[in-house]
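Notes to accompany the following structure.
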Amino acid sequence: KEQAKGKVGETEEAEIATMSEEENGKIETLAEGEAPTTVFDLQTSTNQYVWVPVKDVSRIYGIDSNGKLWGKLYDYANANETTPRANYNWSENSTSGVMSIGSKTSYREPDITRNSTNYDRDSKLQGYRDGIERYQMLSQEMEESYYRMIESVKKYGGFYIGRYETGNLGKEKAVVQKMNNNINSQTWYTMYEKCKNLAGTNENIETSMIWGSLWDETLQWLVDSEAKISTGETIDYTLINNSTKWGYYYDAEFEYRTKDGGIAIKAENDNGYGDYETGKYLPTGCSEYTKVNNIYDLAGSRLDWTLEAYSTYDRVLRGGYCNNYGSGSPASYRFNNYPTRSNVNYGCRSALYIK
């Protein structure tokens with residue numbers, strides 16, 4: 001991990017910061033020149049990531065009989081202290097260690113969503129990729145990206161997850177910064193590219209939209225590390241599957257920071273527009289209520305697009321959203337939709353890997 005941090009620190013972009021719960025909340029700013037004068041200035045002006053340690057990388061991926069890497073996805077619906085999370089659409093031979101995918105049209109990664117007429121076919125990708133036919137390239141690109149991610153996790157013992165939901169999605173350059181409200185209403189294709197480009201010209205790191213297997217591993221880390229929510233309660237599978245007590249939901253009540261730096265209340269059974277523009281909801285990271293292990297808004301806020309695929313036409317969103325209840329769309333929640341859809345409730349979260 002120390003080696004990993006040193007490499008991040010060589011960035012020429014001067015915009016990557018990391019946050020680690022293991023270091024008692026210390027913010028490591030890697031920007032050159034004069035640093036912001038306050039912690040809040042740092043959080044709102046510097047991209048920030050949280051280190052997620054991975055004790056056993058075999059929980060994240062497996063290899064099939066053809067040598068292809070597949071992500072291991074999990075179902076938390078019936079998980080409790082005695083019953084662990086269940087395998088989601090995969091199995092593994094206990095003797096050979098060979099992994100099998102139950103259905104190539106169910107939840108899986110890495111894979112494309114190419115049906116007979118639309119989505120990840122060349123004809124659709126032309127509209128998002130400057131007219132370049134990309135079906136075969138996207139398929140190869142995703143498999144190679146997944147392999148590089150696994151190799152990084154093996155080498156360094158973990159990965160970085162965006163501390164906040166990805167922001168500035170409607171602008172040329174995305175950010176991972178506190179209080180950003182431009183975190184929704186873009187297609188999966190647009191967000192996919194934005195997350196890749198967060199690394200800038202830094203050759204020592206790679207950034208991407210988060211994989212579904214890493215989302216699941218992050219949730220498991222919260223349980224394994226006995227993370228605390230704002231009430232002092234310890235995260236367990238019950239709170240993973242009903243996240244009202246630590247997420248931005250319709251039925252949650254919490255304090256949040258206003259645009260002028262004041263404090264307001266998002267009432268229970270209220271979307272909580274506050275003093276933000278109608279229809280744009282609260283920004284990412286505006287409330288300590290939604291922070292666990294220094295990560296904000298894993299539960300509620302916006303549904304976050306992932307690289308996980310479903311069927312031949314859908315991508316998968318995780319984590320629930322503010323217009324629903326914490327029991328109906330918790331942190332473990334999966335929702336799938338067409339990657340061409342943009343919605344006020346759809347955002348994304350990035351991840352960062354050390355090369």
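Residue count for the range 148-177 satisfying the condition of being touching a residue at least 60 places away in the same chain (Cβ under 8 Å) and either assigned to a strand (DSSP E or B) or open to solvent by 20 Å² or more (accessible area, probe 1.4 Å) (or both): 12. Taking the criterion of being surrounded by 15 or more Cβ atoms within 10 Å (Cβ to Cβ) and modelled with pLDDT of 60 or more, the residues of the range 131-140 that qualify are Leu138, Ser139. Taking Tyr128, is it modelled with pLDDT of 55 or more and of a type outside the set (S, T, N, Q)? Here the answer is no, as Tyr128 does not meet what is asked. For the range 336-351: of the residues being crowded, with 19+ Cβ neighbours inside 10 Å and not charged (D, E, K, R), which is modelled with the lowest pLDDT? Among those that are crowded, with 19+ Cβ neighbours inside 10 Å and not charged (D, E, K, R), it is Pro339.
Residues that are part of a loop (DSSP other than H, G, I, E, B), touching a strand residue (DSSP E or B) at 6+ places or on another chain (Cβ under 7 Å) and either among the aromatic types (Phe, Trp, Tyr) or at pLDDT 95 or above (or both) are absent from the range 188-206. Close contacts from the range 189-215, counting a first residue that is at positive phi and a second that is open to solvent by 10 Å² or more (accessible area, probe 1.4 Å) and not in a helix (DSSP H, G or I), with Cβ to Cβ under 7 Å and a gap of 6+ residues or different chains, come to Gly200/Glu13.
The values are calculated or read from the model by the stated rules, or taken from the named source; none is laboratory data. As the structure is a computational prediction, the values presented were derived from the model and not from experiment. As a convention, Cβ positions derive from the backbone with ideal geometry for all residues, glycine included, and neighbour counts pool all protein chains shown. Just so you know, the surface numbers come from the protein's heavy atoms only, side chains and all, with ligands and any DNA or RNA stripped out. Shrake-Rupley method; radii C 1.70, N 1.55, O 1.52, S 1.80 Å.
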